[in-house]
Amino acid sequence: MAQQSDLFKKLISHCKEYGFIFQSSEVYDGLSAVYDYGPYGIELKNNIKQYWWRSMVQMHENIVGLDAAIFMHPKTWKASGHVDAFNDPLVDNKDSKKRYRADVLIEDYMDKIEKKINKEIEKAGKRFGESFDEAKFRETNPRVLANQEKFDTVKNRLAKAMSDGDMAELKTMIEELEIACPESGSRNWTEVRQFNLMFSTQLGNIAGAEGKLYLRPETAQGIFVNFLNVQRSTRQKIPFGIAQIGKAFRNEIVARQFIFRMREFEQMEMQFFVQPGSEMTWYNYWKKARLAWHTSLGTAAEKLRFHDHDNLAHYANAAVDIQFEFPFGFKELEGIHSRTDFDLSSHQELSGKKLQYFDPELGENYVPYVVETSIGCDRMFLALMSLALREETVPDAKGKDSSRVVLKLPPAIAPVKCAVLPLLKNKEALTSKARAIFDRLKLSFNCQYDEKDAIGRRYRRQDAIGTPYCVTIDFDTLEDDTVTIRERDSLKQERISIDQVEAIVRERTNMSTLLQNITDQINIPESVGS
Ligand code: ATP
């Protein structure tokens with residue numbers, strides 16, 4: 001774990017040093033839990049979004065796109081339940097004046113118990129060596145059993161208090177478990193109260209409560225209120241989906257872990273409209289399809305897991321998270337929710353406008369059911385970066401060991417696809433040849449031309465931003481129009497003719513290969529809408 005938190009610190013400083021992510025308004029000491037994406041960050045983020053969009057909209061004949069506005073009529077959030085129920089339990093420490101989420105304080109307490117159990121198991125594993133039977137040890141060791149019982153009791157109490165919205169019980173738990181403020185060690189807590197996570201602002205031309213607007217806390221509602229507009233204008237038949245990428249805003253109480261939990265973030269959401277009764281078939285399809293999307297990017301299966309929700313939200317009849325093993329443990333990366341007809345029915349009721357579909361097969365009108373996939377683009381960014389960042393010992397030009405920091409991003413997602421490097425800066429014949437190659441390649445890919453510093457240092461710079469290919473122009477190039485192409489991960493160098501460069505880089509950095517990998521894993525239904 002110490003190594004993991006070390007990796008996380010390195011990742012954050014790497015993101016800053018190499019222009020991926022900066023703290024917002026850093027000159028004013030930053031704005032908490034708000035971040036800006038730098039030159040390489042925005043390229044990587046755009047590629048993630050493009051890969052998601054293509055896998056949804058381009059690969060499914062019955063999914064279409066939408067870009068709804070961030071501001072929506074305030075009644076939207078009444079209908080969706082966000083005005084009344086989008087709350088987190090907030091508690092203040094009176095001495096340190098720090099604010100916490102009551103449920104997170106209790107979860108941190110549970111983490112500590114879990115760590116104790118794991119430590120006990122680790123110790124026993126070392127003691128017994130190969131003959132160690134972990135399952136049996138868990139069932140019989142008194143200390144493990146006692147801690148497990150404690151853990152389960154707290155977990156069940158917390159789940160019940162959260163689903164009942166019982167703030168007094170949360171306060172009692174904090175007191176009984178003797179949870180102290182992590183900052184000051186004090187146990188002087190306020191009452192626990194509900195805190196609404198929506199940011200609000202005011203419409204310019206209407207005074208008072210009437211003009212109160214919210215910054216959307218999820219992109220999904222823009223899709224629901226446009227359901228009939230999209231269906232009619234594209235003549236889609238059920239089942240069909242609407243995909244959208246956009247900003248969402250949440251006034252998170254505990255905002256930590258870098259871009260994992262931000263107050264302004266980006267979601268990639270798809271709402272799939274289905275016949276009532278068929279939702280579980282589609283829920284299972286989307287579980288499989290979304291997992292395949294993650295593994296198609298090279299993410300090892302053991303880094304991902306499904307986690308069924310213990311408490312279902314008011315709108316859902318099934319819900320699962322895809323969790324990823326971040327440097328700080330397994331946490332939610334994406335949610336897949338069967339939302340029933342809750343949203344469309346609520347909008348129908350509050351607006352007085354029919355949001356129904358006439359099903360020609362059944363010959364009847366109904367409010368469709370919805371299966372949603374919702375992934376945070378920023379969390380996906382963090383997941384990919386944490387998988388990619390490595391420190392390695394590799395041979396230098398003279399065959400001696402040297403260390404390098406490398407971002408082993410999937411080539412199709414990497415910010416820069418190819419760097420063009422003349423061996424020497426002040427040899428005009430080399431630089432003009434290199435420029436000509438760069439000018440050709442830049443029509444097809446995001447490339448970089450770099451002539452500063454020794455070639456080894458330039459390779460290291462490209463490794464650190466994850467560039468999969470470097471093309472070097474040397475004196476042989478002037479003789480025979482060949483260059484070396486160096487591969488980031490294997491460090492293999494091949495001599496190829498200039499004419500081959502574009503085709504090779506294209507083939508090896510192609511997003512189509514990743515998309516093909518998805519279709520190898522799942523059967524994308526053919527024009528499901530017909
Ligand atoms: P969490 O339990 O971590 O608060 P959530 O269950 O509230 O997340 P959803 O409402 O299901 O999240 O949102 C869908 C996705 O949006 C999440 O899986 C996550 O990737 C992303 N997301 C949600 N809140 C944030 C945030 N504050 N910062 C960054 N990404 C977020």
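So the values come out like this:
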quantity: Output for the stretch 322-349, where each listed residue is among the basic types (Lys, Arg) and near the ligand (Cβ under 9 Å from one of its atoms); calculated: Lys331
quantity: Candidate set: the stretch 242-265, residues that are in contact with a helix residue (DSSP H, G or I) (Cβ under 7 Å, 6 or more places away or on another chain) and not aromatic (Phe, Trp, Tyr); chosen: the one farthest from Gln50 (Cα to Cα); calculated: Val254
quantity: Condition check for Ala319: at pLDDT 95 or above, away from the ligand (no atom under 16 Å from the Cβ) and under 30 Å from Lys45 (Cβ atoms); calculated: no
quantity: Residue satisfying all of: in the stretch 274-284; touching a residue at least 60 places away in the same chain (Cβ under 8 Å) and part of a helix (DSSP H, G or I); nearest to the ligand (Cβ to nearest atom) among these; calculated: Tyr283
quantity: Filter result for the condition that a residue is over 34 Å from the mean Cα position of the chain (by Cα), at pLDDT 95 or above and under 30 Å from Leu384 (Cβ atoms), over Ile455, Ile465, Ile437, Ile413; calculated: Ile437
quantity: Within the stretch 8-33, considering residues that are surrounded by fewer than 16 Cβ atoms within 10 Å (Cβ to Cβ) and hydrophobic (A, V, I, L, M, F, W, C), the one nearest to Arg250 (Cα to Cα); calculated: Leu31
quantity: Some residue of the stretch 73-84 being within 16 Å of the ligand (Cβ to nearest atom), surrounded by fewer than 14 Cβ atoms within 10 Å (Cβ to Cβ), modelled with pLDDT under 95 and not in a helix (DSSP H, G or I); calculated: no
quantity: Residues within the stretch 94-123 that are assigned to a strand (DSSP E or B) and more than 19 Å from Ala168 (Cα to Cα), tallied; calculated: 0
quantity: Which listed residue, of Gly352, Gly329, is surrounded by fewer than 15 Cβ atoms within 10 Å (Cβ to Cβ) and within 15 Å of the chain's Cα centre (by Cα); calculated: Gly329
quantity: Condition met for Ile504 (at pLDDT 95 or above, of a type outside the set (D, E, K, R), part of a strand (DSSP E or B) and not assigned by TED's automatic domain parsing to the domain that holds Ile238); calculated: no
quantity: In the stretch 245-273, residue nearest to the chain's Cα centre (by Cα) [restricted to those that are buried (at least 22 other Cβ atoms within 10 Å of the Cβ) and more than 11 Å from the ligand (Cβ to nearest atom)]; calculated: Met270
quantity: Qualifying residue in the stretch 138-154 (condition: touching a Leu at 6+ places or on another chain (Cβ under 9 Å), of a type outside the set (Lys, Arg) and modelled with pLDDT of 95 or more); calculated: yes
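The values are calculated or read from the model by the stated rules, or taken from the named source; none is laboratory data. Here the structure is a predicted model, which is why all the values come from computation and not from measurement. Positions of Cβ are backbone-derived with ideal geometry, glycine not excepted, and every protein chain shown enters the neighbour counts.
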